[in-house]
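Trainee: Have a look at the structure that comes next, please.
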């Protein structure tokens, strides 16, 4: 399963309670629309850490990295590369 | 006139008159209560509300209740007692430590802390929850870290996992809910009403505990920005020690300012930016008034909007089907 699909699956299950009728495309603003709230952000951080085996530094917890499935996917790919080089 | 801090200036005399009119009408005529109970924390909000209650009902119809527990700063009770004495109000102390221990508030919290720092020793270590400090410059998300400080100066900080975060908050919220329980005991015993002390910042951004400090019969300063509460405090003669004191949560064993726990900005900056958001002022105009960049203002606009939206649940009343 692609990174985007894994992230989407998590968001639908945990933030939308399985409701697939809510519009959720790859560019939907997750924070600005309230799909992800403050607790959801912490859950997402934990999910990404565990699902992709990544450590997310506090300084990376920015809206730019978290506000859509596309941005999350880009961030995860970038962290995978950084982690591999470390 | 150019946008600036003057928009937050109130006429304290007029404001006080309006508030006490509402307080008298509501408590004495609508609710038919004989007086008022104020939970006095040693902070500026409750001191200001006590001053308003004294003006509305007279000191003989007001009771101040101080409710420390083991993590409270000792100066909080001292400042609160001085305030009550200045206003000529009877003040009583209800130490909540034993009750909270009975609920296992501290044990539940400490278990969650140990899940993050296994060597945590509550007999010597001090903890607090903090948010990132770079809201203005980077607009970082509200992800809490647990900070632990040990005698000797050792300090550690870790981002909190969800389960630990929720358990620490849930256990700590027992403190505010126990305070509400105690306030209503004294209120019902005297046929008084409970006067809340939440300001606009706390209410709209969700910095309160539902059915805890959010549980009251009226909220006389809920419409005022924090900087406006300070203006009232000066007018009402709140003691200098309380006015000069940095607002704290007084909830965790380590000293924790409200800025580092929740608001992430000094009140002078936040109130003006928030006023700008409330009144659709362009970010550039607010930025010019504060001598910061428009992007920094946008970062705060976004944070305020998200906090307000994500805490709507706290402000909602129990909903009915019909």
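Values quoted throughout were computed directly from the atomic coordinates according to the rules given, and no laboratory measurement underlies them. Only a predicted model underlies this, so the values are computations on that prediction, with no experimental measurement involved. Cβ: placed from backbone, ideal geometry, glycine included. Neighbour counts: every protein chain shown.
Trainee: Mean residue ellipticity at 222 nm from the helices of chain A, using -39,500 (n - 2.57) per DSSP H segment of n ≥ 4 over the full residue count, to the nearest 500 deg cm²/dmol?
Mentor: It comes out at -17500 deg cm²/dmol, rounded to the nearest 500.
Trainee: So if R0 is 30 Å, what FRET efficiency would residue B:7 and residue A:50 give, r being the distance between their Cβ atoms, rounded to the nearest 0.05?
Mentor: For residue B:7 and residue A:50, the calculated efficiency is 0.05.
Trainee: Still on this model: From other protein chains only, count the Cβ atoms within 10 Å of every residue's Cβ in B:127-137, then give the mean.
Mentor: For peptide B:127-137, the averaged partner shielding equals 1.
Trainee: Shifting gears a bit: In a Gaussian network model over chain B where Cα atoms closer than 10 Å are linked, find which of B:102, B:51, B:153 has the largest mean-square fluctuation.
Mentor: So, out of B:102, B:51, B:153, the one fluctuating most is B:153.
Trainee: Average the reciprocal distances over every distinct pair of alpha-carbons in the range A:3-85, invert the result, and give the Kirkwood radius in Å.
Mentor: About 12.8 Å for the range A:3-85.
Trainee: How would chain B be classified by its alpha-carbon gyration tensor: rounded, prolate or oblate, with rounded meaning a/c under 1.5 and the a/b versus b/c comparison settling the rest?
Mentor: oblate
Trainee: Taking the Cα-to-Cβ direction at residue B:18 and at residue B:191 and moving 7 Å from each Cα, how far apart do the two end points lie in nm?
Mentor: Here the modelled spin labels are 3.3 nm apart.
Trainee: So what are the three principal axis dimensions of the range B:152-211 from its Cα atoms, in whole Å, longest to shortest?
Mentor: Its Cα atoms span 49, 27, 26 Å along the three principal axes.
Trainee: Which three extents, in angstrom, do the Cα atoms of the range B:1-138 have along their principal axes, listed largest first?
Mentor: Sorted from largest, the Cα extents of the range B:1-138 read 54, 47, 28 Å.
Trainee: Using alpha-carbon positions, what is the distance between the centroids of the range B:290-322 and the range B:183-249, in Å?
Mentor: 20 Å
Trainee: Once the Cβ-Cβ distance between residue B:30 and residue A:70 is put in as r, and R0 is 56 Å, what FRET efficiency do you end up with, to the nearest 0.05?
Mentor: Efficiency computed from Cβ-Cβ geometry: 0.55.
Trainee: Report, as an integer, the average count of C-beta atoms from other chains found within 10 Å of each Cβ along A:39-47.
Mentor: Mean number of neighbouring Cβ atoms from other chains: 5.
Trainee: While we're looking at this one, here's another question. Report D for the range B:103-261 in µm² per second (integer): Stokes-Einstein, Kirkwood Rh on Cα pairs, 4 °C, 1.567 mPa s.
Mentor: 74 µm²/s
Trainee: Averaged over its residues, how many other protein chain Cβ atoms are within 10 Å of peptide B:302-309's Cβ atoms?
Mentor: The mean count of partner-chain Cβ atoms within 10 Å per residue comes to 3.
Trainee: So, in Å, what gap is there between the alpha-carbon centers of the range A:16-86 and the range B:118-173?
Mentor: With the range A:16-86 and the range B:118-173 each reduced to a Cα centre, they are spaced 22 Å.
Trainee: Counting only DSSP beta bridges with both residues in the range B:37-188, what percent are antiparallel, rounded to the nearest 5?
Mentor: Rounded to the nearest five, the antiparallel share is 60 percent.
Trainee: Could you check how many percent of all C-alpha pairs in the range B:262-311 are farther apart than 18 Å?
Mentor: It works out to 19 percent of all Cα pairs.
Trainee: Please report Rg (one decimal) and Dmax (integer) in Å for the Cα set of the range B:94-177.
Mentor: For the range B:94-177, the Cα-based Rg and Dmax read 14.1, 44 Å.
Trainee: Given the C-alpha atoms of the protein assembly as shown, compute the convex hull and give its volume per residue in Å³.
Mentor: 177 Å³
Trainee: Let me ask you something else. Calculate the FRET efficiency for residue A:16 and residue A:58 from the Cβ-Cβ distance with a Förster distance of 30 Å, rounded to the nearest 0.05.
Mentor: Result of the calculation: an efficiency of 0.65.
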